[in-house]
Number of protein chains: 2
Amino acid sequence: MAGRVQNPRPTLEMVAAAAGVSRGTASRVLSGATNVSPAAVEAVHKAAAELRYRPNLSARSLVTGRTGLVGLVVNESNDHLFSDPYFAEVARGAHDALSEADVAMVLTLAGDARERDRLIELAALRLDGLLVIHGHSDVELVRGIERMHIPAVFSGRVPITGTSTVWYVDADNRGGARAATEHLLARGCRRVVTITGPRDMAAGHDRHLGWLDAVTDAGLPSSDDHVAVGDFSTDSGRAAMTRLLAAMPDLDGVYVANDLMAFGAIAVLAEHGRSVPGDVAVVGFDDVEAARTSNPPLTTVSQPMAGIGRRMAELLLQQLADPELDPVHEVLPTTLVVRDSA
Amino acid sequence: MAGRVQNPRPTLEMVAAAAGVSRGTASRVLSGATNVSPAAVEAVHKAAAELRYRPNLSARSLVTGRTGLVGLVVNESNDHLFSDPYFAEVARGAHDALSEADVAMVLTLAGDARERDRLIELAALRLDGLLVIHGHSDVELVRGIERMHIPAVFSGRVPITGTSTVWYVDADNRGGARAATEHLLARGCRRVVTITGPRDMAAGHDRHLGWLDAVTDAGLPSSDDHVAVGDFSTDSGRAAMTRLLAAMPDLDGVYVANDLMAFGAIAVLAEHGRSVPGDVAVVGFDDVEAARTSNPPLTTVSQPMAGIGRRMAELLLQQLADPELDPVHEVLPTTLVVRDSA
DNA sequence: CTGAAAGCGCTTACAG
DNA sequence: CTGAAAGCGCTTACAG
């Protein structure tokens, strides 16, 4: 009685019978093969629709060797991770692109060693490929994934050592930082400092270089007292701004490597009686939601987060189609969004 | 040449051959059956280890009818969703429990109609069950899932209509709110008001009832001017507190249905020159990270978020084991965390 | 263009 | 306790 309640799911066999063709022909029609007669195509589609046929994916996987499953790997300790809009948007972009290809996304945490082991097991057992949201640089994770010889695409530049096979998609952090700094210069700023991110994060490093590009090109100084290192948190932005102000009281422009730190910096400037952008112009990076409503609304650099996720998915699909492809490193453009802070 | 590089994955057949038993026996050993001789058990395990055997899950699924895949369904517009620690923690708890059972979690967005359709398709095709993080009440989603007749467990109380088959795990919102309010009463508060959440969210509703339980039991009034409705945002907490203060200037205790609104309320109290907890005591709900470092540190109600996720997973696993089980509604205890605001 | 057949790698009654 | 065999639902050469 139990288990007999539901009608059994129709199989290809039943569709073929209803269409008056063989199972092989039905399969060919449903997989979109071209060498099939129009009559057969029509009959099979009609039968499939009438029976509400859905293929058994396990059976298909058994013969194709593909699972149609891709892992979304995340190496952040999860508290951070989920509260990061970067993660959410990249995941959504990837999810969209994969759905269109009928590939599903398995959420895979890889924050600690135990989780990393599980990931490796899971990947070996049932994943066709990996999409890695790579927040903090995690050399062990990168190495582990390379060793598995599984198709993978990382988000964010992965420092390439030797003959690495890593694929990645990144935003143009360096170009965006340069554009932000050049915007400050164009407004007439001449003592332009920067608050950077942690040196071990590729994004932090690249955004620092962009600032350097711009000030160097303009023939302006870039000595150590022009630079304060933060950790991308608002508090660290406050501390960094305080230090910069002490070292160079007459600074007139600040390029900050992310919006959160920019908010901290602006708060400190206000406390010191400096108006923004009147006395000091400030540009951030990320274009988080709050940038639009902060006081003043923040001029910042926007990166195409969902686009990064989508592109990662597309590149992974390419790898799946041809495992012999050479690694691709793709850099997506960023956009300066001018508001009131600079 | 390509594709021939890797050694072919060992199959059960090869393990059986190496162990000198039949494929059937090897299968029985590996699936932990008891009716096997100790000698066979040892030989098979040894062979499997030596060959680094991993079962082909598609083949297994084809015969068992199970995929070993569970969907994590999320109905929030994703911006919110990911920045919500509730989501992150519930997901992590569920992930842990499922991993232990070798079940993987497929991330499934169901924010709009298109995504909802994809979910239904995906579930029909490849999921054994669903874990639904049910933020805003979404009747359509609940109905859609019930219609699919797929094992599912919701987070958060789902209003049950008629002969619903919904399973859910919730925190004891009502009990927690009652405890919070009783704490205010115990400190001597006598004019105790509340800021509630949206009426259409079960959590908001239940937390309001808990406040009502406590003040009613204490013989205190609970008229409309004791209640202000917010939307769980800090700003709405500010607005609500402003209204309450206008309606009842001599209030001395506030139970707020979440921490974010409590922060807003405390800010307004400070602006009105009321000290917390000296003039007005305040209790929140959620125990978010910031509650520990706010000024003053917030007394609040903590709910076992990861525990909810874990329990959801366990209940889903039970359903998978026996689809005929009656729906379970489980309520997990909350804890009052006393800090400085009350 | 199409059918018959083999085979993907497992699990599970069925005999013994 | 164990082996031989059937079968899960597909895809894909292979002939024709």
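The values are calculated or read from the model by the stated rules, or taken from the named source; none is laboratory data. The structure displayed is predicted, hence computed values, not measured ones. Because the Cβ atoms are built from the backbone with ideal geometry, glycine has one as well, and the counts that use them run over all protein chains shown. Heads up: the accessible areas ignore ligands, DNA and RNA and are worked out on the full protein's heavy atoms, side chains in. Shrake-Rupley method; radii C 1.70, N 1.55, O 1.52, S 1.80 Å.
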Of A:Thr108, A:Thr34, ordered by accessible area with the largest first and a 1.4 Å probe, the sequence is A:Thr34, A:Thr108
For chains A and B, what's the summed buried accessible area, probe 1.4 Å, to the nearest 100 square angstrom?
3800 Å²
Net length gained if the chain between A:Glu324 and A:Arg191 were fully extended (0.36 nm per residue, minus Cα distance)
42.9 nm
Apply 1/(1 + (r/R0)^6) to the Cβ-Cβ distance of B:Glu42 and A:Ala49, taking R0 = 51 Å, and write down the FRET efficiency to the nearest 0.05.
0.45
What ³J(HN,Hα) values, in whole Hz, does the Karplus curve 6.51 cos²θ - 1.76 cosθ + 1.60 give for region A:240-252 when θ = phi - 60°, with x put for Gly and Pro?
4, 4, 4, 5, 4, 4, 5, 6, 9, x, 9, 4, 10
Each residue of region A:218-229 in turn: what ³J(HN,Hα) in whole Hz from Karplus with 6.51, -1.76, 1.60 and θ = phi - 60°, glycine and Pro shown as x?
7, x, 9, x, 9, 5, 4, 6, 8, 10, 10, 9
Residues in region B:206-232 reached by a label modelled at A:Glu289 [backbone nitrogen below 19 Å; 7 Å Cα→Cβ]:
B:230-232
Antiparallel bridges, percent of DSSP beta bridges restricted to region A:127-233 (to nearest 5)
0 percent
Could you tell me which GluC sites (Glu not before Pro) in region A:276-332 are loop residues by DSSP with no more than 13 other beta carbons within 10 angstrom of their beta carbon?
A:Glu324
Please get the size of the charge dipole for chain B, origin at its Cα centre, with Cβ charges of +1 on Lys and Arg and -1 on Asp and Glu, quoted in debye to the nearest 20.
1240 debye
Rounding to the nearest 20 debye, state how big the charge dipole of region B:18-77 is about its Cα centre with +1 on each Lys and Arg Cβ and -1 on each Asp and Glu Cβ.
180 debye
Quick check for you: with a 1.4 Å probe and neighbouring chains kept, what is the accessible area per residue of the protein assembly as shown, in Å²?
45 Å²
For the protein assembly as shown, whose charge dipole is built from +1 on Lys and Arg Cβ atoms and -1 on Asp and Glu Cβ atoms, the candidate among B:Leu51, B:Pro296, B:Val282 with its Cα farthest towards the positive end is B:Leu51
Heavy atoms only, probe 1.4 angstrom, no DNA, RNA or ligands counted: give me A:Asp225, B:Asp217, B:Asp224, B:Asp252 ranked by accessible area, highest first.
B:Asp224, B:Asp217, A:Asp225, B:Asp252
Taking each residue of B:58-64 in turn, how many C-beta atoms of other protein chains fall within 10 Å of its C-beta, and what is the average?
6
Give me the percent of the accessible area of chain B that comes from carbon and sulfur atoms, probe 1.4 Å, all protein chains in place.
52 percent
Charges on Cβ only, +1 for Lys and Arg, -1 for Asp and Glu, centred on the Cα centroid of chain B; of B:Leu185, B:Ala214, B:Ala97, which one is farthest towards the dipole's positive end?
B:Ala97
Chain B: relative contact order as a whole-number percent, Cα under 8 Å and 6+ apart:
17 percent
I'd like the accessible area for B:Glu89, computed on protein heavy atoms only with a 1.4 Å probe and all protein chains in place. Round to 10 Å², please.
50 Å²
Fully extended, how many nm does the chain gain between A:Leu209 and A:Ile120 (0.36 nm per residue separation, minus their Cα-Cα distance)?
28.5 nm
Estimated 222 nm signal from helices in the protein assembly as shown, with DSSP H stretches of n ≥ 4 weighted -39500 (n - 2.57), rounded to 500
-14500 deg cm²/dmol
Cβ-derived FRET efficiency at R0 22 Å, B:Ser233 paired with B:Asp112, nearest 0.05:
0.50
Put a point 7 Å out from Cα along the line to Cβ at B:Val36; what are the distances to that point in the other copies, in nm, shortest first?
4.1
Net charge, A:Val153 excluded, C-beta distance under 13 Å - Lys, Arg +1, Asp, Glu -1
-2
So between B:Asn35 and B:Ala59, what do we pick up on full extension, going 0.36 nm a residue minus the alpha carbon distance?
6.3 nm
Amide H to amide H, which residues 5 or more places from B:Val337 or on other chains are under 5 Å from it, using H placed in the peptide plane?
B:Thr300, B:Val301, B:Ser302
Say a label goes 7 Å from Cα toward Cβ at A:His272 in every copy; what distances in nm does this one have to the rest, shortest first?
3.8
I'd like to know how the protein assembly as shown sits against the 2.2 N^0.38 Å rule of thumb: what's its Cα Rg over that expected value?
1.11
Dividing the Cα radius of gyration by the Kirkwood radius, what Rg/Rh value follows for region B:173-302?
0.91
What dipole magnitude, in Debye to the nearest 20, does region B:104-224 give about its Cα centre under +1 on Lys/Arg Cβ and -1 on Asp/Glu Cβ?
280 debye
Kirkwood hydrodynamic radius of chain A, from inverse mean 1/r over distinct Cα pairs, in Å
22.9 Å
For region A:193-225 and region A:43-78, what is the centre-to-centre distance using only Cα atoms, to the nearest Å?
47 Å
Please work out how much accessible surface A:Arg118 shows to a 1.4 Å probe, ignoring ligands, DNA and RNA, in Å² rounded to 10.
60 Å²
